[in-house]
Amino acid sequence: MSQNNLNQDLQHGNVSYGLYFLVWFALLVLTGLSVTVVGIDFGKFTVAIAMIVSCVKSYLVLTVFMHLKSENPVFRIFVGVALFFLVVSFALLFSDYSFM
Amino acid sequence: MSSAEHAVGHHVHRDDEGARLGMWLFLFTELLLFGGMFLIYSIYHYVHQSEFHLAAKQLNTMFGTLNTFILLTSSLTMALSIAAIQKEKKALSVFLQLVTILFAVFFMVNKYFEWSAKIQHGIYPGSEELLMKSNGEILFFGLYYLMTGLHGLHVIIGVLIIGYMTIGTVKGKINSGNFVRLEAAGLYWHLVDIIWIFLFPLFYLIV
């Protein structure tokens, strides 16, 4: 229901600037966070933490800036399939290297 | 429904959703292009961990962080420009598109100074200085120039596309009833932003 409303909002030009500013602020805070966190040594997890932060930032850009939240669900399925195959590529590559 | 859409609605068949889906399909090919390079980066990082960390220390985090803030803010102004055109605020939309272009230029100026500094220190693909380093460091800097270079090329193309949309908006071809082209340009620009969101920590923060 809320998605339908959002879709209608988009079509009727009722998109709010506020949400975009909020997401932008969150993105800046997350960037600041990842730059600060570099100083702390998490050892093996440093890269993993940085990638998790990047995934959260990308999720915000995809859903709000790129309107995936208010698009037809078929868009989300398409993006999901594309990302799935990227993840499969990484999994295959690393499973290969891990046993060499 | 706006008056503009009403006026053309009877004569022209348009499928905005199909147009946006087409743009997304194009973005998936970009995902393949950059995804392949991220695969190469990840496996060499895995094989040469300490050398990658050593090399990453030589990059200026300040340049990277500043450029991240610039690109994130340009994504905001791009999204706002589409919201503005939907609200029939043409002048505001044009202004926001120009600000987006300005941020993109700032990004490239920064990149120019960053690359110049590295090249002056003798670190560029094939340089004597670089070839004396370990294999891992050579790979790191090779990928650094390749990936940030290709990303920079996307920023330049983005500037041209947004500039074209700005002209269209000024001329009224892009308006509150027909702004799918501006939306497609926005999708492209946000993808360029997302790629940088991953490039930034992988090259500047893995120290």
Failed item in (1) of a type outside the set (Gly, Ala, Ser); (2) more than 13 Å from chain A (Cβ to nearest Cβ); (3) on the phi > 0 side of the Ramachandran plot, with B:PHE107 passing the rest: (3)
Which of the residues belonging to the range B:23-60 are of a type in the set (Gly, Ala, Ser), within 12 Å of another protein chain (Cβ to nearest Cβ) and either touching an Asp or Glu at 6+ places or on another chain (Cβ under 9 Å) or surrounded by 14 or more Cβ atoms within 10 Å (Cβ to Cβ) (or both)? B:GLY35, B:SER42, B:ALA56
Does B:LEU187 meet the test of being among the hydrophobic types (A, V, I, L, M, F, W, C), in a helix (DSSP H, G or I) and open to solvent by 30 Å² or more (accessible area, probe 1.4 Å)? no
Is it true that B:VAL207 is more than 17 Å from B:LEU72 (Cβ to Cβ) and either open to solvent by 10 Å² or more (accessible area, probe 1.4 Å) or in a helix (DSSP H, G or I) (or both)? yes
Within the range A:50-92, can you find the residues that are open to solvent by 40 Å² or more (accessible area, probe 1.4 Å) and outside any helix (DSSP H, G or I)? A:LYS69, A:ASN72
Residue tally, condition in a helix (DSSP H, G or I) and open to solvent by 10 Å² or more (accessible area, probe 1.4 Å), over the range B:81-104: 12
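To keep it simple, each residue is scored yes or no on (1) open to solvent by 10 Å² or more (accessible area, probe 1.4 Å); (2) within 14 Å of chain A (Cβ to nearest Cβ); (3) touching a His at 6+ places or on another chain (Cβ under 8 Å); (4) part of a helix (DSSP H, G or I).
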{"residue": "B:PHE141", "(1), (2), (3), (4)": "no, no, no, yes"}
{"residue": "B:MET147", "(1), (2), (3), (4)": "no, no, no, yes"}
{"residue": "B:TRP196", "(1), (2), (3), (4)": "no, yes, yes, yes"}
{"residue": "B:PHE200", "(1), (2), (3), (4)": "no, yes, no, yes"}
Which numbered condition in (1) of a type in the set (A, V, I, L, M, F, W, C); (2) over 30 Å from B:SER81 (Cα atoms); (3) in contact with a Ser or Thr (Cβ under 8 Å, 6 or more places away or on another chain) is the only one that A:VAL53 fails? (2)
Please count how many residues of the range B:156-182 are touching a residue at least 60 places away in the same chain (Cβ under 8 Å) and either polar (S, T, N, Q) or under 15 Å from B:ALA104 (Cβ atoms) (or both). 8
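Taking the criterion of being closer than 23 Å to B:LEU27 by Cβ and facing chain B (nearest Cβ under 10 Å), would at least one residue in the range A:38-49 satisfy it? Walk me through it before giving the result.
So the first thing to find is which residues in the range A:38-49 are closer than 23 Å to B:LEU27 by Cβ, and the list is none.
For the range A:38-49, residues closer than 23 Å to B:LEU27 by Cβ and facing chain B (nearest Cβ under 10 Å): absent.
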Which of the residues belonging to the range B:113-129 are in contact with a helix residue (DSSP H, G or I) (Cβ under 9 Å, 6 or more places away or on another chain) and under 27 Å from B:LEU71 (Cβ atoms)? B:PHE113, B:GLU114, B:TRP115, B:ALA117, B:LYS118, B:HIS121, B:ILE123, B:TYR124, B:PRO125
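The values are calculated or read from the model by the stated rules, or taken from the named source; none is laboratory data. Quick caveat, the model's predicted, so the values are computed rather than measured. In this analysis, Cβ positions are derived from the backbone assuming ideal geometry, glycine residues included, and neighbour counts consider all displayed protein chains. Accessible surface areas use protein heavy atoms only, side chains included; no ligands, DNA or RNA. Shrake-Rupley method; radii C 1.70, N 1.55, O 1.52, S 1.80 Å.
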